[in-house]
Amino acid sequence: MPQSKINSITAIKRMLESELLSGRPLPAALATAACAGGGASARMVVVRGLDAQLMELWFSTDIRSSKVVDLAAVPRGELCIWLHRLRVQVRLCCRWRVIGGNARRAGDRARWLAAWGEHSPHARRLFAGAMPGKPYAHGRGAMPTIDGQEPPESFAVCVGRVLQIDALVLGRPEHRRHVYRRVAGGWRSQRVNP
Ligand SMILES: Cc1cc2nc3c(=O)[nH]c(=O)nc-3n(C[C@H](O)[C@H](O)[C@H](O)COP(=O)(O)O)c2cc1C
């Protein structure tokens, strides 16, 4: 029963964990609220990890990108995931923090380094490029090769602490929707109309 995938916080955690464990990339739309022209902005990211205990997840990005500017201004942003095979939409409202090379806390630095370690050579190369979003003025200049274990300064990890989960399963004869809000010591759940 697809419905059972979303009818408890434990089921949702298990569903997300198993998606990540499958080895398939887990793309999600990240919406932020402070884009340069005003209003909201959305783009795809790949969720790379989940701490199901803390309900925190993360993706990597270029610290010079607009989404980092947006999240610095308004750290709340929503991730929207569509699990096609399960016919489930999961909207995760998160409070974000960005961990870059200047991280002071030992735990954050360790996280930054560990995240870099999980990137393939191809993914690492992306962080050697010019500043995202700037005019493509210099043609197809060769990207500097990144070697060694140290991440470049452009590499950042965005960690989202999930504050609310809105899960919708498209089923027959009916759709089903559950909302979970983080409260002191746990989660408050409510079934709502789809
Ligand atoms: C399927 C897919 C996955 C993507 N994953 C990431 C990602 O994990 N991190 C990232 O910074 N950009 C990712 N991108 C690129 C972003 O969607 C976006 O174009 C880029 O980061 C610039 O966004 P910004 O200007 O809003 O910061 C991905 C794009 C696609 C199509």
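Worth a mention:
- Qualifying residue in the stretch 149-170 (condition: over 21 Å from the mean Cα position of the chain (by Cα) and either closer than 30 Å to HIS84 by Cβ or modelled with pLDDT of 95 or more (or both)): yes
- Restricting the stretch 18-33 to residues that are at negative phi and not aliphatic (A, V, I, L, M), the residue that is nearest to the ligand (Cβ to nearest atom): PRO27
- A Cβ distance below 7 Å, combined with a sequence gap of six or more or placement on separate chains, defines the contacts here; from the stretch 22-49, residues that are free of Cβ contacts under 8 Å to residues at least 24 places away in the same chain and over 13 Å from ARG91 (Cα atoms) reach residues that are assigned to a strand (DSSP E or B) and within 7 Å of the ligand (Cβ to nearest atom) in the pairs PRO25/VAL46; MET44/PRO27; VAL46/PRO27; VAL46/PHE59.
- Strands (runs of 3 or more DSSP E) wholly inside the stretch 1-69 that include at least 1 residues being among the polar types (S, T, N, Q): 26-32, 41-47, 56-62
- Within the stretch 80-91, the only residue that satisfies the criterion of being within 15 Å of the ligand (Cβ to nearest atom) and either crowded, with 21+ Cβ neighbours inside 10 Å or assigned to a loop (DSSP other than H, G, I, E, B) (or both) is HIS84.
- Filtered residues of the stretch 152-175 (kept if farther than 19 Å from LEU57 by Cβ and not aliphatic (A, V, I, L, M)): PRO152, GLU153, SER154, GLY171, ARG172, PRO173, GLU174, HIS175
- Residue count, the stretch 92-103 (criterion: β-branched (Val, Ile, Thr) and more than 15 Å from the ligand (Cβ to nearest atom)): 0
- For the stretch 13-63, a residue qualifies if it is crowded, with 16+ Cβ neighbours inside 10 Å and hydroxyl-bearing (Ser, Thr, Tyr), and the qualifying residues are THR32, SER41, SER60, THR61.
- Subset of the stretch 34-79 (residues that are near the ligand (Cβ under 9 Å from one of its atoms), within 17 Å of GLU118 (Cα to Cα) and in contact with a Gly (Cβ under 7 Å, 6 or more places away or on another chain)): none
- Index of the failed condition, LEU113 passing every other in (1) part of a loop (DSSP other than H, G, I, E, B); (2) away from the ligand (no atom under 12 Å from the Cβ): (1)
The values are calculated or read from the model by the stated rules, or taken from the named source; none is laboratory data. Not measured: the values here are computed from a predicted model. Neighbour counts run over all protein chains shown; Cβ positions are idealised from the backbone, glycine included.
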